[in-house]
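Undergrad: One structure is given below, represented as structure tokens, and several questions about it will come after.
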């Protein structure tokens, strides 16, 4: 069993060093969002893919109306321009890049601040769709993230519908970011 553990660790180290691990992405990135107060965490899966989640204030708006309050946002991100940014000698640390993402958000009724959607007082609202996003992190730790997308809003006790998703976050990256030297495919 101990020999198997060392063998797996050795293989993992070789794979990461040779380029099939999360070379471009930060392995773990924790952020404090300041504009819409909240917390974000991003975890690298592969070279250009990550999973992110954040908990904070959010606005849902679709054909039935709007809801503003606490929201849990989840993304499966595919960053598509790291190599181009590196060739142009631009920063990719802190996951600075453009991405396409499968998006999911849940707007909780218990901590809703305001709404104009007709229905019961305790409804939840879910969003399922796709977004295009831009994320930049700077040397002092400041970070911004802007997203634009569309999807399906699924109501729990209220009508469903389609609508846009617009998100802007400005904050500070609490985890240490790596400096990047160009690595080309």
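Coordinate-derived values only; no laboratory data. Keep in mind that this is a model prediction, so the values were computed, not measured.
Undergrad: Determine the relative contact order of region 2-173: mean sequence separation of Cα pairs under 8 Å and six or more apart, normalised by residue count, in whole percent.
TA: That works out to 19 percent.
Undergrad: Oh, and also: Multiply the residue separation of residue 162 and residue 84 by 0.36 nm, subtract the distance between their alpha-carbon atoms, and state the gained length in nm to one decimal.
TA: Gain on stretching residue 162 to residue 84: 24.7 nm.
Undergrad: In addition: Taking 0.36 nm per intervening residue step and subtracting the Cα-Cα distance, what contour gain separates residue 146 from residue 27 on full extension? Don't jump to the answer; show the numbers that get you there.
TA: Working: separation 119, 0.36 × 119 = 42.84 nm, distance 2.10 nm.
40.7 nm is the gain from fully extending residue 146 to residue 27.
Undergrad: Then there's this: Just the Cα atoms of region 2-173, one point each, no solvent: what log10 I(q)/I(0) does Debye give at q = 0.08, 0.13, 0.16 Å⁻¹?
TA: -0.30, -0.69, -0.92
Undergrad: Follow-up. Using 0.36 nm per residue of separation minus the Cα-Cα distance, give me the extension gain between residue 138 and residue 43 in nm, one decimal. It would help to have the intermediate numbers written out before the result.
TA: On the way: separation 95, 0.36 × 95 = 34.20 nm, distance 1.87 nm.
The span from residue 138 to residue 43 would gain 32.3 nm if fully extended.
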